1. Could you pull out every residue, at least 5 positions away or on a different chain, whose amide H is within less than 5 Å of the one on residue 144? Hs are placed 1.01 Å off N in the peptide plane, and Pro or chain starts have none.
2. For a quick check: with amide H placed at 1.01 Å from N, whose amide H comes under 5 Å from residue 330's, ignoring anything fewer than 5 positions away on the same chain?
3. For a footprinting-style exposure proxy, rank 306, 247, 252 by other Cβ within 10 Å, fewest first.
4. How about the stretch 129-188: which trypsin sites (Lys or Arg not before Pro) there are in a DSSP loop, with at most 13 other Cβ atoms within 10 Å of their Cβ?
5. Based on the Cβ-Cβ distance of residue 304 and residue 176, what FRET efficiency does E = 1/(1 + (r/R0)^6) give at R0 = 35 Å, to the nearest 0.05?
6. Give, in nm to one decimal, the length gained when the segment between residue 214 and residue 267 is fully stretched (0.36 nm per residue of separation minus the Cα-Cα distance).
7. For the pair residue 294 and residue 331, how long in nm is the line joining their label points, each one 7 Å along Cα→Cβ?
8. Please turn the phi angles of the stretch 261-268 into ³J(HN,Hα) values with the Karplus equation 6.51 cos²θ - 1.76 cosθ + 1.60 (θ = phi - 60°), one per residue in order, whole Hz, x for glycine and proline.
Amino acid sequence: MMHSISGRAQPGVLTHSRSDLVKGKMTALSRAKACLGAIAVALTAALPVAAQDALGVGADAPIIAAPADPGRSAPSVTSPYSAPEIGGFNSFAASDMAPPSLDNFTPPTLPVVVELFTSQGCSSCPPADAMLETLADDPGILPLSLHVDYWDYLGWADSFANPQFTARQEAYARAAGERSVYTPQLIIDGQDTAVAPGPVQLMGLIDAHRASPAVVSLNREQTAEGDRIEIVPLSELAMPIDVILVRYAPQRTVEIKAGENRGREMTYVNVVLSLEKLADWDGQAPLRLTVRQEGLPDDSFPADTRHVILVQEDLSGKEMPGPILAAIGLD
C-alpha cells in the first residue's frame, strides 16, 4: 500500500505575531525492510527540501550498559544500526500545491500514546504484552507495540523486530541520559518511562497525561483527495517538531517455537510495521498536509494495516524523540 502526502504551511496563527510560512524541511527515507509504498510531500515552492537522517538513528554509539531496573537489559554487544538509504520506495518529493480548505474540520479527541518496547524472545515481556492488549479498546489511549531485535540471538528471531525500533528505543535512552535499554519498557507520550509496571501504576501515568493541557491542535478532514491534516500551535514551542506516520497491524498471533518463550502462543496488538518521518516543523505557523493512499496491499503492509500521525518534539534537533504532543488516526 502506498501513501502520498502534500501540504503547505499557512500564516495567521492567533497565538503568535509571526505569519511566516513554516520553515520546516521535508525528509526522505526508505524502510529498512523492502516494501511497496511511497510518501510524497508537497510544500509551497518557497520552502527548501533536504534529505534528513532516518528516525531515531543518531551518531552516538549504541547503548550497552546494563540497567539497575527490573526487566531484561539489552545484551552487551555493539551492533551498528545504519540509516536506510535515501530515495526509492517510501521517499519524498516536493511540488507546488494550493492549500486545502479546512472549513469543515472537527477537532478530535487526541489519545495518550503508550509505546511498548518488547520482544518475542524475551521471557519477561508476555505480561507487558498482555497489559498492552487491555488498553487497545480505550479510544483515549493509543497503544503501540515496537519489537526490538537484540534478543534474536537467543534462538528465536522476532518476526516483527526492526532495527529502526531498537534505534528509537536507544534514542529515547539518550534523551533521558540513560546508558541502557531493556525490555519490556513502556514510554507514555514520549516522556514518562516505566519498566514492567503494574496496571495501577500504568493507568496513573496515562491519566496524568490525559489531564495535561494541549499545546497543539491536530485536526483531520476526510476528502476525495485524501486526509487533510492541520496542525496548529496553541502555545510557544521551543523545540523542532517531527511529524511521523506510523503504520501498524491491529492484532497478530504468533506461535513461538524456540528461545525463552518456546511453546507459547502470543497475541500482540497494534504491532508497528514502520515509522516514517513526513516533515520537520518549526511550530510557528500552522502546518497543513494532505495524505492519500495509493496502490494495493502487499506483504509488508497488509490490507488491515492502520495508520496514525504522531506530532513529536525532536529534542534540540538531534534526532532524539521528546514529548508526543498529539496523535490522530487515519483509519
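1. Sorted by chain and number, the residues that satisfy this are 114, 115, 116.
2. Amide H neighbours of residue 330, under 5 Å, 5+ apart: 307, 308, 309.
3. Numbers: 306 14, 247 22, 252 17.
Placing the least packed residue first, the sequence is 306, 252, 247.
4. Numbers: sites: 168, 174, 179; in loops: 179.
Within the stretch 129-188, the qualifying trypsin sites (Lys or Arg not before Pro) (loop, at most 13 other Cβ atoms within 10 Å) are 179.
5. 0.55
6. Numbers: separation 53, 0.36 × 53 = 19.08 nm, distance 3.32 nm.
The span from residue 214 to residue 267 would gain 15.8 nm if fully extended.
7. 2.1
8. 9, 3, x, 9, 10, 10, 10, 10
Coordinate-derived values only; no laboratory data. On a predicted model such as this, the values are computed, not experimentally measured, just so you know. Because the Cβ atoms are built from the backbone with ideal geometry, glycine has one as well, and the counts that use them run over all protein chains shown.
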